[in-house]
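Everything below concerns the one structure shown next.
The values are calculated or read from the model by the stated rules, or taken from the named source; none is laboratory data. On a predicted model such as this, the values are computed, not experimentally measured, just so you know. Reconstructed Cβ throughout: ideal geometry from the backbone, glycine too, with neighbour counts over all protein chains shown. Surface areas here come from the heavy atoms of the whole protein model, side chains and all, with no ligands, DNA or RNA. Shrake-Rupley method; radii C 1.70, N 1.55, O 1.52, S 1.80 Å.
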Amino acid sequence: MKEMEINTTVKVCTVDELSPSDREVVDAARAATANSYAVYSHFNVGAAVRLSDGTVVCGTNQENAAYPSGLCAERTTLFWANSQYPTQAVEVLAIAARTEQGELEKPIPPCGACRQVILETEKRFNKAMRIILYGAKECYVIEDGVKALLPLSFDAGFLE
Ligand code: THU
């Protein structure tokens, strides 16, 4: 049997090592955590995107007593951005989280459903995003899109 190897490259840095424009998106995601509606999990997630015209848009997780009706910060943000700015590609996506104890030291990765939505957004605009996962001690930077986080992904190509 042959083997197929799939490689993922993730850059690791501190928040201070990010470029000023990436830092702005990360700081927007961190600030957005204050607006999270996470009354059940108390896990406050913020996301922010920079669009191709430079606009920065944020969102947060929105929970619901009927748990599956809630939505993650990444999807709230992408759906809002794509609704309000349907012609602007998403160039950078940053994700941050905090609990009642404060910001998390390690980055939080997007869940599987959010990865699929990130993929759809990349396909829609034919542009891979830079994805920055914030942690107070270290950040992960994925330079060329969600395929690093979602190998062997299902996309519209299979429907043709
Ligand atoms: N959550 C996000 O908003 N983004 C993620 O990447 C992981 C999880 C939210 C969903 C829920 O409101 C809370 O965090 C706990 O799972």
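Would you say Ala28 is within 16 Å of the ligand (Cβ to nearest atom) and under 16 Å from the mean Cα position of the chain (by Cα)? Yes.
The residue pairs whose first member lies in region 14-28 and is modelled with pLDDT of 95 or more, whose second member is among the basic types (Lys, Arg) and assigned to a loop (DSSP other than H, G, I, E, B), and whose beta carbons are closer than 8 Å, counting only pairs six or more residues apart or on different chains, are Thr14/Lys137.
Residues that are within 17 Å of the chain's Cα centre (by Cα) and over 12 Å from Tyr134 (Cβ atoms) within region 13-25 comprise Ser21, Glu24, listed in sequence order. The sole residue among Val12, Val39 that is among the hydrophobic types (A, V, I, L, M, F, W, C) and not in a strand (DSSP E or B) is Val39.
When region 137-153 is filtered for residues that are touching a helix residue (DSSP H, G or I) at 6+ places or on another chain (Cβ under 8 Å) and open to solvent by 50 Å² or more (accessible area, probe 1.4 Å), only Lys147 remains. Selection of region 108-127 for residues being open to solvent by 50 Å² or more (accessible area, probe 1.4 Å) and closer than 19 Å to Val56 by Cα yields Arg124, Lys127.
Screening region 13-41 for residues that are of a type in the set (Val, Ile, Thr) and surrounded by 13 or more Cβ atoms within 10 Å (Cβ to Cβ) and picking the one that is farthest from Thr121 (Cα to Cα) gives Val15. On the given criteria, is Thr76 under 19 Å from Pro110 (Cα atoms) and touching a residue at least 40 places away in the same chain (Cβ under 8 Å)? In short, no.
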